[in-house]
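As structure tokens, the structure follows; a few thoughts come after it.
No value in this document is a laboratory result; all are computed from the given coordinates. Since this is a predicted model, take the numbers as computed values, not measurements. Note: ideal-geometry Cβ built from the backbone for every residue, glycine included; neighbour counts use all protein chains shown.
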Ligand code: CDT
């Protein structure tokens, strides 16, 4: 049996600080139209797709950084994208900076939304693994201040029922953590959607340039294979006002093989006719969770954060 559906990943080239949200959303709409013309029912867009990757800059006053956030769903800036997608019957994943009042407090998250082909909002995810620092390190080339501008996500790693199957969402740094994908897979996700903004130079420590792409690919392919799921990974890449980020957006099959990959560091759409049942044999055999998992031996994964050597 096969359950085929065309999925698109829409990579974005740079979004500069001076670019308007309106112009950026127009780029997203153009790619959504291209994906639709190629038969796609779902499109994955990048993390923080509506603005430059602003956590590289130091701001102290919310009045200076509030412009990067969206309020409401769809926010005013998103409305044209939501309208075209609904007209065309295309569902999508979109990453954005979310500002919301919850429990009487203003809160900010690095968020993605999943919108169905009929325009219904199917769910939201708020980034859990926030890299970087809260306080500036003092080197403008390597600032990565996600912990300053966002709270840790408070929605867990759900899976969402869609007309095409169950999907899960995560964002950028989450893809480096196997716990992310296993949690979604245990909730039945068979497609993982994610967007990323990954600097070409490691923010934590120097390493050879080729490892940036390699670790991206390694994370995506292992997540797909170890959970028998499809991975849709969309980069925002190229040089944003002189800050370079990797591309390598990809669609990875449940076999762990990359089925399609972007070649440029610009706006680029890739599509694959994905059989959502391709991973079924993997989920029935080597990664049949119900038969083979041994959670009684996995205690430290949820009980500990760092390494603890038993006495
Ligand atoms: N946006 C984001 O999460 N970027 C991080 C940079 C960390 S460098 C190890 C990423 O994981 O790609």
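Of note:
- Sorted fewest first by neighbouring Cβ atoms within 10 angstrom, 193, 263 come out as 263, 193.
- For the chain, share of DSSP beta bridges that run antiparallel, in % to the nearest 5: 65 percent
- Those residues of the stretch 235-270 whose amide nitrogen sits under 14 Å from the label point placed on residue 215, 7 Å along Cα→Cβ: 246
- In summary, the convex hull built on the alpha carbon positions of the stretch 96-175 has an orientation-averaged projected area of 6.6 nm².
- All Cα-Cα distances of the stretch 166-254, cut into 5 Å bins from zero to the largest, leave 3, 15, 26, 24, 15, 10, 5, 1, 0 percent in each bin in turn.
- Legend: calculated FRET efficiency, residue 107 to residue 73, from the Cβ-Cβ distance at R0 = 22 Å, rounded to 0.05, equals 0.90.
- Directionally averaged shadow of the stretch 46-167, computed from the convex hull of its alpha-carbon atoms, nm²: 8.2 nm²
- Fraction of the pair-distance distribution of the chain above 26 Å, Cα-Cα pairs, percent: 43 percent
- Neighbour counts of other Cβ atoms within 10 Å put 28, 48, 211 in the fewest-to-most order 211, 28, 48.
- Orientation-averaged projected area, Cα convex hull of the stretch 89-237 (nm²): 9.8 nm²
- Rg and Dmax of the stretch 1-79, both derived from C-alpha coordinates alone, stand at 15.4, 56 Å.
- Packing here is the average count of other Cβ atoms within 10 Å per residue, and on that basis the peptides 7-14, 111-118, 66-73, highest first, run 7-14, 111-118, 66-73.
- Across the chain, C-alpha contacts under 8 Å between residues 6 or more apart give a mean separation that, scaled by the residue count, equals a relative contact order of 21 percent.
- Approximate spin-label separation residue 151-residue 288, in nm, with each point projected 7 Å along Cα-to-Cβ: 4.3 nm
- Global geometry of the stretch 208-307, whether rounded, prolate or oblate, following the gyration tensor of its Cα atoms and the 1.5 cut on a/c: oblate
- Dividing the helix sum by the residues of the chain, where each DSSP H run of 4 or more adds -39500 (n - 2.57), gives a mean residue ellipticity at 222 nm of -6500 deg cm²/dmol.
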